[in-house]
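Let me begin by presenting the structure, written as structure tokens, before commenting on it.
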Amino acid sequence: MAISFADEVRNELARMTSERRCCQHAELAALIRCNGTLSIAQRQIGLILTTENAAVARKIFKLFKLNYDLFTEIVVRQKMRFHRHNSYQVKIPPQKGTREMLISIGVLNELYQFNYRLDYDMLSKECCARSYIRGTFLGSGSINHPDRGYHLEITCDREEYAQQLLSFFQSFQLNCNIMYRKHSYVIYFKSSEDIATFLNLIGAHTALLKFEDYRVMKNIKNDVNRRVNCETANLDKTITASMQQIDDIELITASRGIDTLPKSLQEIAQLRISHPDLSLKELGQLLNPPLSKSGVNGRLRRIAQAADKIRLKS
Ligand SMILES: [Zn+2]
């Protein structure tokens with residue numbers, strides 16, 4: 001099965017681990033807010049993070065191992081029947097130290113509940129802010145292949161948290177909105193510029209290159225289409241005008257004779273009859289000396305007026 005563009009981005013991000021503790025903590029906080037559930041046993045707290053991406057599960061595991069001395073394990077849950085994907089759980093069973101860890105990175109309050117308020121102190125450094133956004137994408141983000149239309153989204157269970165993320169993203173000059181879908185709040189990005197900025201922000205540089213390649217290709221295609229349409233439209237206009245001019249000339253020839261016109265008009269009339277598909281500019285270049293487009297237009301207008309006079313009389 002071909003891997004989706006979203007999984008390509010996730011895999012790329014899962015492979016990179018920031019060197020700095022501050023960033024590792026920020027990324028973990030985002031992942032826990034997106035994917036975490038608490039468990040409590042014997043007055044101790046445990047934590048389970050669930051993801052469908054194996055590389056993401058390994059990254060979460062690694063981030064915990066690098067930072068905390070807690071018993072942590074990965075459990076694979078095979079989904080039967082209609083589901084194609086396994087799911088992976090990073091489990092920290094209820095034990096001493098989990099509560100302190102969660103409080104230290106700001107995701108647990110004194111009531112042993114998840115705290116969804118963004119901690120702007122923690123996110124004040126740019127490195128940490130980027131890591132937090134990366135964790136958010138890894139936890140609950142998705143992106144379309146650019147061939148399928150520009151779309152990047154982050155899903156949140158809670159409206160309050162979605163609103164906070166929205167303003168956080170907007171502080172990076174990103175344009176995004178929230179919609180409500182299947183009991184979730186979805187923050188979505190629609191413009192290719194914003195999606196490119198987002199990918200750059202979270203450090204998905206390989207994915208960004210690929211995205212930009214498609215974007216450039218698409219722009220070239222659109223450009224060519226636009227130009228072809230434009231040329232076709234101009235050609236249509238030229239032909240329609242030319243047919244009217246030939247009508248005029250034939251009418252004059254049949255009723256009063258073309259030689260009743262001044263020499264300069266006879267000359268352009270003959271050229272028009274022999275070259276019905278040329279533009280005015282091209283007709284002018286056939287004259288000796290050449291005449292400008294507006295000059296040619298002026299002469300043809302006088303022919304049209306002469307023809308109109310004949311039509312009025314008849
Ligand atoms: Zn940092």
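Given axes a ≥ b ≥ c from the Cα gyration tensor, I'd like to know whether the range 43-168 is rounded (a/c under 1.5), prolate (a/b larger than b/c) or oblate.
It comes out oblate by the Cα gyration axes.
Using a cut-off of 9 Å between beta-carbons, work out the net charge of the residues near K59 (Lys and Arg +1, Asp and Glu -1, K59 not included).
Result for the neighbourhood of K59: +2.
Can you tell me, using C-alpha contacts under 8 Å and at least 6 residues apart, the relative contact order of the range 175-251 as a whole percent?
14 percent
Give the shape of the range 3-53 as rounded, prolate or oblate, defined through the alpha-carbon gyration tensor: a ≥ b ≥ c are the square roots of its eigenvalues, a/c under 1.5 means rounded, and otherwise the shape is prolate if a/b is larger than b/c and oblate if not.
Here the range 3-53 falls in the oblate category.
With +1 on the Cβ of every Lys and Arg and -1 on the Cβ of every Asp and Glu, and nothing else charged, how large is the dipole of the range 5-203 about its Cα centre, in debye rounded to the nearest 20?
Value, rounded to 20: 680 debye.
For the range 161-314, give the magnitude of the charge dipole about the Cα centre (Cβ charges: +1 Lys/Arg, -1 Asp/Glu; no others), in debye to the nearest 20.
For the range 161-314, the charge dipole is close to 320 debye.
Only loop residues by DSSP count here, and only those with at most 10 other Cβ atoms within 10 Å; note down the GluC sites (Glu not before Pro) in the range 1-51 that meet that.
Here the GluC sites (Glu not before Pro) that fit, given the DSSP loop and packing criteria, are E19.
Excluding residues fewer than 8 places away in the same chain, name every one of the aspartates and glutamates whose C-alpha is closer than 14 Å to that of K190.
Qualifying aspartates and glutamates at Cα under 14 Å: D147, E153.
Under a cut-off of 20 Å between alpha-carbon atoms, report the aspartates and glutamates in cross-link reach of K309, not counting same-chain residues fewer than 8 places apart.
Within reach: D247, D248, E250, D259.
In a Gaussian network model over the chain where Cα atoms closer than 10 Å are linked, find which of L118, L28, L66 has the largest mean-square fluctuation.
L66
Which aspartates and glutamates, on any chain, are close to K293 with Cα under 17 Å apart, when same-chain ones fewer than 8 places away are left out?
E267, D277, E282
Can you pick out the pairs among K125/K182; K62/K96; K91/K210; K182/K218 whose Cα atoms lie more than 27 Å from each other?
K125/K182; K91/K210; K182/K218
Classify the range 227-313 as rounded, prolate or oblate, taking a ≥ b ≥ c as the square roots of the eigenvalues of its Cα gyration tensor: rounded when a/c is under 1.5, otherwise prolate if a/b is larger than b/c and oblate if not.
It comes out oblate by the Cα gyration axes.
Counting Lys +1, Arg +1, Asp -1, Glu -1, what net charge surrounds L201 among other residues with beta carbon under 11 Å of its beta carbon?
0
Considering only the other residues whose Cβ falls under 12 Å of the Cβ of P290, what net charge follows from Lys and Arg at +1 and Asp and Glu at -1?
+1
Read-outs throughout are calculated quantities, based only on the coordinates presented, and are distinct from any laboratory measurement. Here the structure is a predicted model, which means the values were calculated and not measured. Don't worry about glycine lacking a Cβ; one is built from the backbone with ideal geometry, like all the others, and counts go over all protein chains shown.
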